[in-house]
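> I'd like to ask some things about the structure below.
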Amino acid sequence: MGLDSREVTPELTRVVIHLAAEIRSFGRTELTVEKVLGLKVSDSTVRRLVKQVGKELAELQEVDERTDGKEAVVPELAVVSCDGGRIRTRVPGCGRGVHLAGDNGWRETKNASFERMRKKDPPVEGDDPCRALPTSFRTTEKVANIAEKAVPNIEEPTGIVKDRVVY
């Protein structure tokens, strides 16, 4: 088996470590292994095995603490989006519909998303990454109305006012 007098099999190591943890005495573990299994394992060998396995477990725990025990998957491309806003809410137990309460029923919302993306193969020069953007988000008047802000005056460097379309 390729073992010298100082080495023990993995199964015997498992048994000795378990017994040493339960009994909490190297000498008594030596006696128990001999009585139950009929194998002679000295208390110094029990001590050596406990230290060896303890060191291995400590190293594993250190690795787990760094990765929180989870495999880290790093996407090629990721997008993190954060947003917030206000929504009208219902008072619990009052049925359907919006019920005005404190601040006229408005509540703050906080939203975040983490998205894994992949690059287009091959990337196309000048390709619009968001061609499906609704028309309502392309005109300055609509965006200003949604944001409840005044319409900004968008001018080209030449001084010509565009059709108030956001590009």
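The values are calculated or read from the model by the stated rules, or taken from the named source; none is laboratory data. Just so it is clear, the model here is predicted, and its values are computed rather than measured. Glycine gets a Cβ as well: all are built from the backbone with ideal geometry, and neighbour counts include every protein chain shown.
> Quick one: is residue 160 modelled with pLDDT of 75 or more, loosely packed, with under 11 Cβ neighbours inside 10 Å and of a type outside the set (Asp, Glu)?
The answer is no for residue 160.
> Continuing with the same structure: For residue 21, all conditions in the list (1) under 38 Å from the mean Cα position of the chain (by Cα); (2) assigned to a loop (DSSP other than H, G, I, E, B) hold save one; what is the number of the exception?
So the condition that residue 21 fails would be (2).
> Which one is surrounded by the most Cβ atoms within 10 Å (Cβ to Cβ), of the residues in segment 119-148 that are of a type outside the set (Val, Ile, Thr) and modelled with pLDDT of 75 or more?
142
Yes/no matrix, rows are residues, columns are (1) modelled with pLDDT under 90; (2) charged (D, E, K, R):
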position	(1), (2)
34	no, yes
38	no, no
59	yes, yes
63	yes, no
68	yes, yes
75	yes, no
81	yes, no
94	yes, no
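> Please enumerate the residues belonging to segment 96-109 that are farther than 21 Å from residue 147 by Cβ and either out of contact with any strand residue (DSSP E or B) (no Cβ under 7 Å at 6 or more places or on another chain) or modelled with pLDDT of 80 or more (or both).
Within segment 96-109, 96, 97, 99, 100, 101, 102 qualify.
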